[in-house]
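These notes concern the structure reproduced below.
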Amino acid sequence: MKKTLREMRPVCVVGIGLHRYQRMSETPYVALGLTAVREALKDANIEWRSVESAYTGTAMLGMAASRPMLRYLGATGIPMAQVENASASGSTAIRQACLDVASGIADVSIAIGVDKPAPMALASAKTNIHDLVGRRVVPFTHFALLANEYMNRYGATAEQVAAVAVKNNRNGANNPYAQRQKPVTLEEVLAGPPISGSLTRLQCCPIGEGAAAAIVASDDAIERLRIDRSRAVRVTASISRSERVYRGEQNFDAELTRETVAQAYEEAQISPEDLDVVELHDAFTIEELLYVEAMGLCGVGEGARMIASGDGDIGGKCAISASGGLLAMGHPIGPTGAGQVVEITRQLRGEAGIRQQPNARTGLAHMVGIGAVCVVHVLQKAA
């Protein structure tokens with residue numbers, strides 16, 4: 001009989017680490033990744049030899065990224081694997097680490113996300129099957145068209161869509177790991193260089209480099225390694241789905257999100273009203289509006305009004321992208337999904353400082369990847 005993560009051995013995030021997301025530099029990926037891993041080990045107060053498996057989420061580095069990086073911590077012979085799932089690579093690495101612990105294959109596993117900018121080479125270009133659109137509609141044009149359709153359908157304004165960037169850059173300004181650390185006004189967002197349609201530069205996420213790491217452990221390991229149980233955050237759902245045919249729907253990413261999140265709610269035994277913090281795939285401002293609706297945080301067509309009301313602010317009903325989201329925290333591809341789990345863990349521990357959502361107990365991390373795939377995790381305060 002198929003089991004959910006909640007029905008298997010409990011899995012808790014016990015250590016988190018980041019290397020700041022930043023513009024491309026000469027820093028080797030090994031230094032980026034080791035910074036995050038060492039921070040996670042220190043946070044968990046364990047040694048590298050206690051880690052029993054490792055998954056590295058990366059989309060642009062190339063083959064065999066784990067061993068040249070992790071050998072500096074010691075050649076312990078543990079199984080290592082690279083995970084590539086487009087923007088959801090880090091999220092998928094988290095899922096694989098959780099499954100190792102939940103199934104009993106390992107007591108302690110680490111998920112790492114690390115990337116450096118490089119030309120994106122999509123496998124679909126080598127299928128010899130050409131679609132009718134081809135390269136005529138690049139991602140930012142696709143989302144500009146969705147923004148235009150959303151505004152026409154629901155009466156939202158360009159200012160309301162742009163307000164997402166104002167909120168997320170305000171959050172990012174208080175995040176020392178964010179790529180964009182400067183608050184912006186609505187006027188600055190709207191006046192920025194146009195990218196496509198109504199979308200300006202500040203309504204599109206920056207793609208840079210960085211790293212994130214999360215260590216997950218079983219109850220037995222927490223006891224044996226004397227890990228501080230009060231700082232452990234339980235993963236109560238880990239769901240991965242891929243796109244199917246959605247007849248009559250305008251946006252397959254939103255429908256895929258709706259299905260994946262609904263399954264995560266069921267597995268974690270929660271509802272949208274239980275969420276205190278959400279980190280979602282806001283690569284473009286319009287995505288945040290579409291996804292909060294798909295998650296059931298507000299009604300269809302009400303996303304713009306939800307953001308305008310302050311319900312998505314830190315201190316509101318549910319803090320959306322308290323890290324700054326992809327728009328301000330950045331989107332280095334491989335690390336992004338793992339970094340979301342790091343942020344939610346920090347929030348549920350009550351360690352987010354000025355970005356802290358009061359009394360946060362339940363959080364959701366959501367990433368969509370080209371393909372299209374969607375990975376969702378639900379985390380809950382364990383103690």
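All of the numbers you see were taken from the coordinates with simple rules; none came from a lab. Please read these numbers as outputs of a predicted model, since none were measured by experiment. Please note: Cβ atoms are built from the backbone with ideal geometry, for glycine as well, and neighbour counts cover all protein chains shown.
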Give me the distance in nm between label points sitting 7 Å out from Cα along the Cα-to-Cβ direction at L186 and A31, one decimal. 4.3 nm
Tilt, helix 29-44 to longest principal axis of the chain (alpha-carbon atoms), in degrees rounded to tens, equals 60 degrees
Sort 236-243, 71-78, 290-297, 269-276 for me by packing, meaning the mean count of neighbouring Cβ atoms within 10 Å per residue, highest on top. 290-297, 236-243, 269-276, 71-78
Rounded to whole Hz and in sequence order, give me ³J(HN,Hα) for the range 227-239 from the Karplus expression 6.51 cos²θ - 1.76 cosθ + 1.60, θ = phi - 60°, writing x for Gly and Pro. 6, 5, 5, 5, 9, 7, 10, 7, 8, 9, 7, 9, 10
D220 to L73: FRET efficiency via 1/(1 + (r/R0)^6), r the Cβ-Cβ distance, R0 25 Å, to the nearest 0.05? 0.65
Give me, ordered by chain and number, the residues 5 or more places off S321 or on other chains with an amide H under 5 Å from its own placed amide H. V278, E279, L280
Could you rank the peptides 348-359, 257-268 by their average count of other C-beta atoms within 10 Å per residue, with the highest value first? 257-268, 348-359
For a quick protection proxy, order the peptides 330-340, 1-11, 19-29 by their average other-Cβ count within 10 Å, most packed first. 330-340, 19-29, 1-11
Amide H to amide H under 5 Å from A106: which residues, 5+ apart in sequence or cross-chain, H placed 1.01 Å off N in plane? V101
Please tell me which of these pairs span more than 29 angstrom C-alpha to C-alpha: K317/K381; K42/K116; K3/K167? K3/K167
Whole-number Å³ per residue for the convex hull built on Cα positions in the chain: 137 Å³
Short version: ³J(HN,Hα) in whole Hz for each residue of the range 77-94, in order, from phi by Karplus 6.51 cos²θ - 1.76 cosθ + 1.60 (θ = phi - 60°), x for Gly and Pro, what are they? x, 5, x, 10, 8, 8, 10, 10, 8, 6, 5, 8, 4, x, 4, 6, 4, 4
